[in-house]
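Q: A single structure is presented below for examination.
The values are calculated or read from the model by the stated rules, or taken from the named source; none is laboratory data. Please read all numbers here as calculations on a predicted model, not as lab measurements. Because the Cβ atoms are built from the backbone with ideal geometry, glycine has one as well, and the counts that use them run over all protein chains shown. For the accessible areas, the whole protein counts, side chains as well, though only heavy atoms, and no ligand, DNA or RNA atoms are used. Shrake-Rupley method; radii C 1.70, N 1.55, O 1.52, S 1.80 Å.
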Amino acid sequence: MRRGILGSCSASLASLSIVFALSATGAPGQTAVSADAPYKNTHLPVEQRVADLLKRMTLEEKATMLSGSGWMESAPIARLGIPAIKMADGPMGVRSWAGSSAITSSSASPVRVETTAFPSGIAMAATWDTALAQREGRSIGQEVKALGRDMILGPTVNINRVPLWGRNFEGYGEDPYLAGQMAVAYVRGVQGEGVIPSVKHFAVNNEEFERHRVDAKVDDRALHEIYFPAFKAAVQQADAWAVMSCYNKVNGVHCAENAYLLTDVLKKEFGFKGFVVSDWGSTYSTAPTVNAGMDLEMPGGPPMKAWMARPQTQAAGNSDGWLTADKVLAEVKAGHISEARLDDNVGRILRAIILSGIMDLPHTQLGDVDTPEQQKIARDGATEGIVLLKNDGSLLPLDPNKVHSIAVIGPNALVARTGGGGSSMVRPKSAVSPLDGIRKRVGSTIQVTSAIGVGMEGENPAEDTPEARAKDLKEATDAAAKADVAVVVVGRYNKNESESFDVKTMDLPAGQDELIAAVEKTNPHTVVVLNTGDAVTMTKWLDSTPTLLDMWYGGQEGGNALAAILFGDANPSGKLPVTLPKKFEDSPAAKNYPGENLVVHYAEGIYVGYRYFDTKNVEPQFPFGFGLNYTTFEYSGLKVQGRMMIKEPGTPVTLVTVEIRNTGKRAGAEVVQLYVHDGHSKIDRPVRELKAFERVELAPGESRAVQFALGRDAFSYWSPTAKQWTLDPGTFEIQVGSSSRDIRVKAPIEIK
Ligand code: BGC
């Protein structure tokens, strides 16, 4: 696709090269480069162009490229026409500030931008729809270009280890395979537009508590089986052009100077050819950082100084960056950094610049943001991501012929809570709240009333007095009493669920449990809707709640999506990308969170999420992969073929076919999940692990054969002794079903 774009622009490319050559200011003693230099030839392979550029660059120019030139820009080399990489924060759309001014505390005046607020990562993961995630990535890539930027700082693929991580909403849940497939799709979409993604944060960034200083102690097996695979998939299956390291330490060493992570694993084991960018202000040294495999320190220049002056970031104890040209050059001259190392760093950045096309044709604000097509993708994501958790009594879908009035209630009903807080926050042109979505859907056919019920804890002090609370609650119950149906939307928002700090408690914010209970008591036809990025405690009201939906943070279209599900315009097909525990203490990591004395032991090892709940028989509130539908599906005819072991990783060893039939009266989608059970290996393994899935849309009565090809890796584990992926021959079981605890068909398979 990229080639097509470049091909069609060859005339303008030629003239651009001349402009570069003529306008180059030229470093002292350097002459302008001729227009036919090999690196300018768009027909040559990227490696050749990079090699040619490296030959032409001075040591000083190379050193300059290792640190940013501003808050969101890498350093350009004008003499050679090497552009700055202009970045934008993500991942769920383009962040609300653009350009070097994106840091609001710097002296530069910030540029506000309004873009499409796509659903949060967790909502996208709940769709299990990789084709849609790829379309989302493409849309975000288009918006990045429309704003004249080149790189989006996403996707976030860190695993949901503990329900309180402040950034769980950004990520793709608890399963490494699901997270990996969503990441691959997103990266393909972004890169297909010639935009550089940044798969973040490598690795083991699973809590915000003391994120600059905390040391995650994780064993090698958990790293390889749980915390690395999403990055590995993005690198190996999508050739991701960039990866961002993280703030914390892993096994004693900060990620930005962790040679094991950046070089041994990412670059050597995974074969990563892209560049590593540091998380903002996460570097602590010059030679050790460069030699560990860090390619680009961000930010740079005055914004780095401003960022480092903040109390939160002072831990780095550094005011203007560690990979500045002068510091890097001094280390090269002292023999602590080799020139070959510098070439490798710079070559990786150049590769992304060339592959994205910006070496040849800058992204000059072509295209538009928030187009109807982008809005539709945001809406599809929000709709497909909604999970129907309970529908006892089949209140849903609401029948417009029978429902004449609805009371829409709750601190998250009247306002659109589109996402969590922090660098991922997008400012949409407009966002649809649940109330607006429902009103728009029903028009004047159904009477809609509303009440806040309880103010969002900490948001508005005026609503936080006993009198105001009593008044709000009474208004809500009065509205519920008069309506045929009550819809109560509860949850968190971007000030209590955010980057930089963890969520305080799994309990809903103050007064929300009481609101649900009071409304349910008044009106038995109550639908409870959760609007958060992660699990909340439901034990206080769940038994008396017949109808429950989880809409996560659905982006700007969340309210429309909710209305579509409530009225059955769309069938709920979302499935939980994370186990919802009954209480925080049930979570496998609860005992080892947030750590002590700045050390957090990942003592649960590989037993994260359902791997723990299912293996250790701990009853969750709702299991991984779970989600109801308005129709029903039948699984049959499981066939397993090709029972031989092939040595090369990735080569299919077995084909699994299963027949899925829509046995209900409505069209709908089922997410068919394939788990592998290993009961014979020499090592302790989870009772099942997700190894494939597919979302299948079926009309009533329609059936389809779904086929999965499993490679050697689907049966392997990481052996801590052999230090490699290992497959113990023997009998495995293929389990196919609708959640990790709803296996519908299974069959043994002998791997020899
Ligand atoms: C976050 C990154 C983000 C970067 C730039 C950091 O604090 O951890 O995810 O991309 O800031 O805003």
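Q: Taking the stretch 150-169 on its own, how many of its residues are within 13 Å of the ligand (Cβ to nearest atom), of a type outside the set (Phe, Trp, Tyr) and either surrounded by fewer than 24 Cβ atoms within 10 Å (Cβ to Cβ) or assigned to a loop (DSSP other than H, G, I, E, B) (or both)?
A: 6
Q: Quick one: which residue in Ala470, Ala517, Ala451, Ala462 is hydrophobic (A, V, I, L, M, F, W, C), closer than 30 Å to Asn629 by Cα, open to solvent by 20 Å² or more (accessible area, probe 1.4 Å) and more than 26 Å from the chain's Cα centre (by Cα)?
A: Exactly one of Ala470, Ala517, Ala451, Ala462 is hydrophobic (A, V, I, L, M, F, W, C), closer than 30 Å to Asn629 by Cα, open to solvent by 20 Å² or more (accessible area, probe 1.4 Å) and more than 26 Å from the chain's Cα centre (by Cα), namely Ala517.
Q: Name the residues in the stretch 600-609 that are in contact with a strand residue (DSSP E or B) (Cβ under 8 Å, 6 or more places away or on another chain) and either open to solvent by 40 Å² or more (accessible area, probe 1.4 Å) or in a helix (DSSP H, G or I) (or both), would you?
A: Once the filter is applied, which keeps residues that are in contact with a strand residue (DSSP E or B) (Cβ under 8 Å, 6 or more places away or on another chain) and either open to solvent by 40 Å² or more (accessible area, probe 1.4 Å) or in a helix (DSSP H, G or I) (or both), the stretch 600-609 yields only His601.
Q: Does at least one position in the stretch 177-194 carry a residue that is in contact with a His (Cβ under 8 Å, 6 or more places away or on another chain) and open to solvent by less than 10 Å² (accessible area, probe 1.4 Å)?
A: Yes; the residues of the stretch 177-194 include at least one that is in contact with a His (Cβ under 8 Å, 6 or more places away or on another chain) and open to solvent by less than 10 Å² (accessible area, probe 1.4 Å).
Q: Right, here's the next one. Take the residues in the stretch 208-217 that are touching a Phe, Trp or Tyr at 6+ places or on another chain (Cβ under 6 Å) and open to solvent by 10 Å² or more (accessible area, probe 1.4 Å), then tell me which one is farthest from Thr156 (Cα to Cα).
A: His212
Q: Residue check, Asp392 against (1) within 15 Å of Gly559 (Cβ to Cβ); (2) in contact with a Pro (Cβ under 7 Å, 6 or more places away or on another chain), all met but one. Which one?
A: (1)
Q: Those residues that are away from the ligand (no atom under 16 Å from the Cβ), touching a strand residue (DSSP E or B) at 6+ places or on another chain (Cβ under 8 Å) and assigned to a loop (DSSP other than H, G, I, E, B), I need them from the stretch 426-449; list them, please.
A: Ile446, the sole residue that qualifies.
Q: While we're on this one: What tally of residues in the stretch 407-425 results from selecting those that are crowded, with 24+ Cβ neighbours inside 10 Å and within 16 Å of the ligand (Cβ to nearest atom)?
A: 3
Q: What is the residue count in the stretch 520-543 for residues that are closer than 11 Å to Lys390 by Cβ and part of a helix (DSSP H, G or I)?
A: 2
Q: Could you count how many residues in the stretch 219-236 are in contact with a Gly (Cβ under 8 Å, 6 or more places away or on another chain) and farther than 21 Å from Gly121 by Cβ?
A: Count: 3.
Q: Please work out which residue is most open to solvent (accessible area, probe 1.4 Å), limiting yourself to the stretch 89-117 and to residues that are farther than 7 Å from Val426 by Cβ, modelled with pLDDT of 85 or more and more than 15 Å from the ligand (Cβ to nearest atom).
A: Glu114
Q: Restricting the first residue to the stretch 665-680 and requiring it to be at negative phi and open to solvent by 50 Å² or more (accessible area, probe 1.4 Å), which pairs with a second residue that is part of a loop (DSSP other than H, G, I, E, B) and at pLDDT below 95 meet a Cβ separation below 8 Å and a spacing of at least six or different chains?
A: From residues that are at negative phi and open to solvent by 50 Å² or more (accessible area, probe 1.4 Å), the pairs are His680/Asp728.
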